[in-house]
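Written out below as structure tokens is the structure these notes cover.
The values are calculated or read from the model by the stated rules, or taken from the named source; none is laboratory data. This is a predicted model, so every value here is computed, not measured. Note that each Cβ is placed from the backbone with ideal geometry, even for glycine, and that neighbours are counted across all protein chains shown. Remember, those area values only see protein heavy atoms, side chains included, never the ligands or the DNA or RNA. Shrake-Rupley method; radii C 1.70, N 1.55, O 1.52, S 1.80 Å.
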Number of protein chains: 2
Amino acid sequence: MLTLARTALSPLNKKIESYGGVLSTDVVDAFFEKNQQRFLDELFEFLRIPSVSTDPENAGDVRRCAEWLIAHLKGIGLKTVELHETPGHPIVYAEHLTQDDAPTILIYGHYDVQPPDPLELWTTPPFEPQVRDGKIFARGATDDKGQLFCHVKGLEAWLATEGDLPVNIKLLIEGEEEVGSVNLDHWIEANQERLACDAVVISDSSMFGPGKPSITYGLRGLAYLEMTVEGPDHDLHSGLFGGAIPNPINELARIIAKLHDAQGRVAIPGFYDDVIELTDEERADFAALPFDESGFLKESGAAGLKGEAGFTTLERIWARPTLDCNGIWGGFTGVGAKTVLPSKAHAKFSCRLVPGQDPDRIAELAEDYVRELVDPALRVSVRPHHGGKPVLTERDAPTVQAALRALSRVWGTDAVFTRGGGSIPVVATFSEILNVPTVLMGLGLSDDRLHSPDEKFDVENFYAGVRASAYLMHEAGQPAE
Amino acid sequence: MLTLARTALSPLNKKIESYGGVLSTDVVDAFFEKNQQRFLDELFEFLRIPSVSTDPENAGDVRRCAEWLIAHLKGIGLKTVELHETPGHPIVYAEHLTQDDAPTILIYGHYDVQPPDPLELWTTPPFEPQVRDGKIFARGATDDKGQLFCHVKGLEAWLATEGDLPVNIKLLIEGEEEVGSVNLDHWIEANQERLACDAVVISDSSMFGPGKPSITYGLRGLAYLEMTVEGPDHDLHSGLFGGAIPNPINELARIIAKLHDAQGRVAIPGFYDDVIELTDEERADFAALPFDESGFLKESGAAGLKGEAGFTTLERIWARPTLDCNGIWGGFTGVGAKTVLPSKAHAKFSCRLVPGQDPDRIAELAEDYVRELVDPALRVSVRPHHGGKPVLTERDAPTVQAALRALSRVWGTDAVFTRGGGSIPVVATFSEILNVPTVLMGLGLSDDRLHSPDEKFDVENFYAGVRASAYLMHEAGQPAE
């Protein structure tokens, strides 16, 4: 079953009127204009701390980064700022609750970064941020220190100019996102009452394109399986047995070939039963996006595109379920030739799932189908690895609409709706544990080189991000029409 | 094109009559009876030399073994006995040519042995031969010192009792069979005129079963290929690209699945075009063999048998071509899950070929078919590894018939015709370079544990083998009817 996130907003507090609609954002804008150099200097301080979560040698730096953030959040005037220990790196948690009847928004981000290696490929050192050609170069510039800091400065703008926020805010900033958020789910579950909110906002991804702000309202889920086909109980000589004893590699290949039909659809019976199909409106919206298909193909380095018949490339990667083999192995794989009829063959394969599909159900259907396909002269076993639920946020959820308006105002162009083909596990966690929608408001660009040398964040996007965060709070705090 | 070995025997020399048909073999038998303990003692001497060809530490032992053999062959009275250097271990070559018009038989064998490891699994040390329960235990007992020595003692029996041989004999004994006969082909090619003969006899395999002597008259050949399917030019994130970019593992599996049809036949167009089909007589002969199918299945450790529709298990492994995947790999094969859409996928596959099929032609057909199958959005490349031609010796070739009569007389039961599913490269070499048939007269049993600890040779088979060799020379020397 898909956990379709739905929002039940509290009736809006009339007090919000005192913050003065458009007028307030003008004040915020003025404050922003005056302080932009300081914002950049502070971001540089944040970026200079090498909070590489995966390297034990940086454990002290990671903690120092959390402490820097604590001090900074206290400095801008947030009421409650706490460091929470975990078995790994600490979680920074902050709250600023004053508008009793206003919506409560939980902002999620992470202060840890990827390792900077290979160091020799950086133009300037990864932890000595520098602006060149209007771009901030540093590890974490966009992933996620820079994007997270947009919200921190957006909060500061309100607190410094109005002395309060137009909405209730909770901040959850972890230090283990780059190592799989291993302690986050447990912490969220243990603190779910405290984390109660109307929506989650995350800026840890990319806009649709330069000057093209977007909200990602759907993510694919995942069912990941491993299958083993067993024939003989030991490797055999292909001359002495070949032709009379079934070959597990050939059988594995036969099974995999039967996982798709000739139209590129997944052939597992029942696979599409629960799929929430795209609406005509969504398909029209996707079609209207200036998607660079030839650039996408070039980026993949493949000789051609290929997928489910009847769907466009964007539909295929954003909103259609798939089945891809991720790995295969068996028999002799060394250099040269060995005439072995192997005992076993293995494959890892995974399905990207779309809203409506449940990973456990899909894993069951896949296993049933594979067991039915296998020749009785061989044995097959299937075991699930991890799964993840797909996510669909209602496009008309109030916080989604507020974000859309905020982005459109800042960039002076209509923000668009996109989906994502991958999974962001924390979004599924928020959906499942807190039962709220997540607004994915990416402020980066697809060429930001996250996880690579010369990671960057456009200065323009940083400043726009600060304003977008401030406007989002304003828009979310407006009474519903 | 198959090199179908054919024999053109010289007219038989009338002088052979002087050796006296059945009478002569009685004399040989009497000599044999008197000397069997000495034969065993001498075999033990031969077995005590650790002529392990693969281990550089044993290089001196391998040479000592060749020299021991030279001395021994001179001792039994062979006219010409020579040691030939090669870039590796020496070849022992001997000739005894006297019967101008009698057939010439080349006996091939090898004096090197497999390494004895793991030593701790031997009941008694591998180079201290011992008889227990009527079996000679030692490394090389059956492979091939024991079987080769049957022919040496068979020759001695004639020379000692009659002072001559009923046929012309050439002996080619190499010291590198267990390391792939790396220098043999070159030596045979360089000495092909000297090696001219009417037939080759090899005892380096097994009888059909205990008390069931046999001649192997056919071997399968081999075409071995490696195929690579390439999709994207680097590994992709399956979330960002999956569904729109073709997956090379899925495509490889689809291609492999199309290499067979639903009846278990190889689906490569033209694959069966040159197959020399089994005759009704051959099929009847195979069917009459006491083949233990359930024992064969048990030995394989598979859950069931499976193969080309319309053929028995023996026909499938001896006389039908096959296609088996030998290895497959691609993508993420470590522990756990990685959602990669891999760049490449590879498979090694090989066809066992039957008489009539040519390895190069089959490799071409396979490559053409695979190229035709591949989706244009992916690339496929195919490269051949080694190949080997199938061999078919005519069942009515005089030396084959002579061997059949010899074996039948010794064991007191009709010797049977079998084929082999694997390849014996030297047989193809003799067929191609010398253009003569090879008689595979295995004297071992399938439970002799060659290449394993506690290798053995039944004393009964050793003695029967000596007589079979002596009788074979007698039968081959008889005038044609």
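Summary table below
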read-out: Exclusive hit being within 26 Å of residue A:357 (Cα to Cα), in a strand (DSSP E or B) and among the β-branched types (Val, Ile, Thr), set A:182, A:201; value: A:201
read-out: Answer from A:380, A:391, A:370 - the residue that is within 30 Å of residue A:472 (Cα to Cα) and not polar (S, T, N, Q); value: A:391
read-out: Residues of segment A:346-375 that turn out to be in contact with a helix residue (DSSP H, G or I) (Cβ under 7 Å, 6 or more places away or on another chain) and not in a helix (DSSP H, G or I), as a count; value: 8
read-out: Output for segment B:397-422, where each listed residue is within 14 Å of chain A (Cβ to nearest Cβ) and surrounded by fewer than 22 Cβ atoms within 10 Å (Cβ to Cβ); value: B:420, B:422
read-out: Residue check, residue A:252 more than 30 Å from residue A:341 (Cβ to Cβ), buried (at least 24 other Cβ atoms within 10 Å of the Cβ) and facing chain B (nearest Cβ under 10 Å); value: no
read-out: Qualifying positions in segment A:440-461 - closer than 22 Å to residue A:29 by Cβ and surrounded by fewer than 24 Cβ atoms within 10 Å (Cβ to Cβ); value: A:458, A:459, A:460
read-out: Candidate set from segment B:376-387 (those that are in contact (Cβ under 8 Å) with a residue 40 or more places away in the chain and within 10 Å of chain A (Cβ to nearest Cβ)); member that is farthest from residue B:228 (Cα to Cα); value: B:387
read-out: Considering residues of segment A:269-291 that are within 14 Å of another protein chain (Cβ to nearest Cβ) and in contact with a Leu (Cβ under 7 Å, 6 or more places away or on another chain) only, the residue nearest to residue A:354 (Cα to Cα); value: A:271
read-out: Any hit, segment A:381-399, residues being touching a helix residue (DSSP H, G or I) at 6+ places or on another chain (Cβ under 7 Å) and farther than 24 Å from residue A:219 by Cα; value: yes
read-out: Which listed residue is open to solvent by 10 Å² or more (accessible area, probe 1.4 Å), under 13 Å from the mean Cα position of the chain (by Cα) and not small (Gly, Ala, Ser), from A:164, A:198, A:204; value: A:204
read-out: Residues that are surrounded by 22 or more Cβ atoms within 10 Å (Cβ to Cβ), touching a helix residue (DSSP H, G or I) at 6+ places or on another chain (Cβ under 8 Å) and not aliphatic (A, V, I, L, M), drawn from segment B:308-320; value: B:318
read-out: Some residue of segment B:347-365 being over 28 Å from the mean Cα position of the chain (by Cα), in the same structural domain as residue B:243 (by TED's automatic domain parsing) and modelled with pLDDT of 95 or more; value: no
read-out: Output for segment B:130-147, where each listed residue is over 23 Å from residue B:170 (Cβ atoms) and touching an Asp or Glu at 6+ places or on another chain (Cβ under 9 Å); value: B:134, B:135, B:136, B:137, B:138, B:139, B:141, B:142
read-out: From the options B:118, B:126, B:87, residue that is at pLDDT below 95 and either at positive phi or within 25 Å of the chain's Cα centre (by Cα) (or both); value: B:118
read-out: Selected residue (only one of B:130, B:114 is within 30 Å of residue B:454 (Cβ to Cβ), in contact with a Phe, Trp or Tyr (Cβ under 6 Å, 6 or more places away or on another chain) and surrounded by fewer than 24 Cβ atoms within 10 Å (Cβ to Cβ)); value: B:130
read-out: Complete set of residues in segment A:292-345 that are over 25 Å from residue A:387 (Cβ atoms), within 8 Å of chain B (Cβ to nearest Cβ), touching a residue at least 12 places away in the same chain (Cβ under 8 Å) and not in a strand (DSSP E or B); value: A:296, A:305, A:306, A:313, A:339, A:342, A:343
read-out: Filter result (open to solvent by 10 Å² or more (accessible area, probe 1.4 Å) and of a type in the set (Gly, Ala, Ser)) within segment B:136-161; value: B:160
read-out: Filter pass, residue A:442 being closer than 25 Å to residue A:170 by Cα and more than 14 Å from every other protein chain (Cβ to nearest Cβ); value: no
read-out: Residues located in segment A:255-288, provided they are open to solvent by 50 Å² or more (accessible area, probe 1.4 Å), closer than 30 Å to residue B:327 by Cβ, assigned to a loop (DSSP other than H, G, I, E, B) and not acidic (Asp, Glu); value: A:258, A:262
read-out: Members of segment B:223-239 found to be surrounded by 21 or more Cβ atoms within 10 Å (Cβ to Cβ) and either at the interface with another protein chain (Cβ under 7 Å from one of its Cβ atoms) or part of a loop (DSSP other than H, G, I, E, B) (or both), listed by number; value: B:224, B:231, B:232, B:236, B:238, B:239
read-out: Residue in segment A:367-375 that is within 8 Å of chain B (Cβ to nearest Cβ) and surrounded by fewer than 20 Cβ atoms within 10 Å (Cβ to Cβ) present; value: yes
read-out: Unique match (being surrounded by fewer than 20 Cβ atoms within 10 Å (Cβ to Cβ) and touching a helix residue (DSSP H, G or I) at 6+ places or on another chain (Cβ under 8 Å)) among B:88, B:60, B:75; value: B:88
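Residue by residue, here is whether (1) within 23 Å of residue A:157 (Cα to Cα); (2) modelled with pLDDT under 95 holds:
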| position | (1), (2) |
| --- | --- |
| A:416 | no, no |
| A:419 | no, no |
| A:431 | no, yes |
| A:443 | yes, no |
| A:455 | no, no |
| A:463 | yes, no |
| A:466 | yes, no |
| A:469 | yes, no |
